Amino acid sequence: MLHRYLAFICCLLVAATMTTADDANSIRLQNWAEWRGPLRTGVAPFADPPVEWNEKKNVRWKVKMPGLGHSSPVVWQDSVFLTTAIPYGPQLDPVPVTAAGAHDNVDVTRKHRFVVIRVSRKDGAIRWQTVVNDVLPHEGGHDTGSLASASPVTDGQRVYAYFGSHGLFALDFNGRLLWKRDPGRMQSKHAHGEGSSPSLHNGTLVINADHEGQSFIEAVDAATGVTKWKRNRDEVTSWASPLIVEHDNRAQVVVAGTDRVRAYDLETGNVLWKCGGLSANVVATPVAADGILIAASSYDTRAMLAINMNGATGDITGSQHLLWSTTQRTPYVPSMLLVEQQIYCLRHYQNILSRRHIRTGAESAGPFRLSGIQDIYASPVAAAGRIYITDLNGRTLVFTHDDQPEYLALNPLDDSFAATPALVGTDLFLRGRQFLYCIADRDISNVSHKND
């Protein structure tokens, strides 16, 4: 009888654990906890945001944000988190730019406060602003960038903010700083700045630091900030974020780089496989589904690779694991969008859109020249069978994910957008140079404008 009783208790515990895990996964899928969304593909599987909006239609609220940041908002339940860098104090002599080939850069002439912000999803009220660092930056970055370009990530208990050279931080939902790490000063190519976002999986936080010094990837315990492992990388500057993929019964951290795309074991940091073929200045973050990984770049040369991860080990460059490749219309700044079995990508940061099947690389339709938008730095996102693409001029194009895509709307706002949108429930969040917008089905008479 005792054995039967113990077996019954074990079954209950297993069932409870499975239920808890399923509930946690369901909550995660209904939120937007990192910059490419709950599936890490740009898709919000349970969201259904508006199709049409402007300053007088379907803006639930807009709030003026302090400082400047191109980091995307992340959303958990009733909270929206974002980061910013706020200049203050007297004008100083410009920090000299020492990087070779520097061009189109912004001089640093003032100290900056690096800040994490929590905003109420309900009404746009700023709940708290926590200053996590206060420093004179050593480089300003490109004029299209910002000192707060890496997006935060949250696990529903803590929010993690990465400012590159200016620190990695964990805060609780009350804005209290729990721990901080100093990754060391990085020198980006052409002094164009830093922007790789952290990734989080099962209590492990991963940052990538490819720069003109000793590049590295590091995994830390999300609860304590203690290093789990750190590996040097034979890479120059890149801006791609780590992608964590569950495959072959293990979590793999995939990072695209100039020399190789590499997959690391999340537990040990060991390199599982690597594949060459990209160009310099890698910015776009890879995407993956069904054991197929797509990585791409576009700078001095263009490249897109489809890699079969099944059984991949060692250097797979030029092997049968390379399903297909192309040099046509590959992405540079905006990352790719993966909807079902289709990859959407923008040529460079222009308004030319390609769609390819992930297994074959075949284009079932297109390429398309997108009317009404241009200069696109935000990555495309999708929900409810619709694609959303936002440009620097404040316009968002919406069209269907169909065999022959159908134009639905072109939506203007009075701001400029480089940050990727976040989609949760019936809301769409757009972070501009000045304002954070909550787009939802709501009449202008109920709009909340804060610090307008």
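The values are calculated or read from the model by the stated rules, or taken from the named source; none is laboratory data. Model, not experiment: these values are computed from the prediction. With ideal geometry, Cβ positions are generated from the backbone for all residues, glycine too; neighbour counts draw on all protein chains shown.
One table, with the values for the structure above:
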{"item": "Within the range 345-384, considering residues that are in contact (Cβ under 8 Å) with a residue 60 or more places away in the chain and among the hydroxyl-bearing types (Ser, Thr, Tyr), the one nearest to ASN31 (Cα to Cα)", "result": "SER379"}
{"item": "The range 413-441, residues that are under 18 Å from ALA150 (Cα atoms), surrounded by fewer than 24 Cβ atoms within 10 Å (Cβ to Cβ) and among the charged types (D, E, K, R)", "result": "ARG433"}
{"item": "Candidates ALA85, ALA47 - the one that is in contact with a strand residue (DSSP E or B) (Cβ under 7 Å, 6 or more places away or on another chain), surrounded by 14 or more Cβ atoms within 10 Å (Cβ to Cβ), assigned to a strand (DSSP E or B) and on the phi < 0 side of the Ramachandran plot", "result": "ALA85"}
{"item": "Residue in the range 200-212 that is surrounded by the fewest Cβ atoms within 10 Å (Cβ to Cβ), counting only those that are touching a Leu at 6+ places or on another chain (Cβ under 7 Å) and not hydroxyl-bearing (Ser, Thr, Tyr)", "result": "HIS201"}
{"item": "Sole exception among (1) under 20 Å from the mean Cα position of the chain (by Cα); (2) without any contact (Cβ under 8 Å) to a residue 40 or more places away in the chain for ASN393, by number", "result": "(1)"}
{"item": "Residue within the range 293-302 that is closer than 22 Å to GLN341 by Cα, of a type in the set (Asp, Glu) and assigned to a loop (DSSP other than H, G, I, E, B) present", "result": "no"}
{"item": "Residue within the range 394-412 that is part of a loop (DSSP other than H, G, I, E, B), of a type in the set (Val, Ile, Thr) and either modelled with pLDDT of 95 or more or in contact with a helix residue (DSSP H, G or I) (Cβ under 8 Å, 6 or more places away or on another chain) (or both) present", "result": "no"}
{"item": "Hits in the range 328-375 (condition: among the hydroxyl-bearing types (Ser, Thr, Tyr) and more than 24 Å from the chain's Cα centre (by Cα))", "result": "THR360, SER364, SER371"}
{"item": "Qualifying strands (runs of 3 or more DSSP E) (wholly inside the range 319-386; at least 1 residues being under 22 Å from SER416 (Cα atoms) and modelled with pLDDT of 95 or more)", "result": "337-339, 342-346, 352-357, 381-383"}
{"item": "Search result, residues across the range 235-255 that are farther than 18 Å from THR204 by Cα and either of a type outside the set (Asp, Glu) or touching an Asp or Glu at 6+ places or on another chain (Cβ under 6 Å) (or both)", "result": "GLU235, VAL236, THR237, SER238, TRP239, ALA240"}
{"item": "Strands (runs of 3 or more DSSP E) wholly inside the range 92-188 that include at least 3 residues being of a type in the set (A, V, I, L, M, F, W, C)", "result": "111-120, 126-135, 168-172, 177-181"}
{"item": "Residue that is surrounded by the fewest Cβ atoms within 10 Å (Cβ to Cβ) [pool: residues in the range 235-260 that are closer than 20 Å to TYR162 by Cα, of a type in the set (Val, Ile, Thr) and at pLDDT 95 or above]", "result": "ILE244"}
{"item": "Flag for GLU212 being farther than 16 Å from PRO198 by Cβ, of a type in the set (Asp, Glu), part of a loop (DSSP other than H, G, I, E, B) and free of Cβ contacts under 8 Å to residues at least 60 places away in the same chain", "result": "no"}
{"item": "Some residue of the range 292-309 being aromatic (Phe, Trp, Tyr), at pLDDT 95 or above and either closer than 27 Å to VAL381 by Cα or more than 23 Å from the chain's Cα centre (by Cα) (or both)", "result": "no"}
{"item": "Of the criteria (1) hydroxyl-bearing (Ser, Thr, Tyr); (2) under 23 Å from ARG40 (Cβ atoms); (3) surrounded by fewer than 18 Cβ atoms within 10 Å (Cβ to Cβ), which one SER354 fails", "result": "(3)"}
{"item": "Subset of the range 431-452 (residues that are modelled with pLDDT of 95 or more and within 11 Å of TRP61 (Cα to Cα))", "result": "PHE435, LEU436, TYR437, CYS438, ILE439, ALA440"}
{"item": "Top-ranked residue of the range 171-199 - restricted to ones that are more than 17 Å from the chain's Cα centre (by Cα) and surrounded by 23 or more Cβ atoms within 10 Å (Cβ to Cβ), ranked as modelled with the lowest pLDDT", "result": "ALA191"}
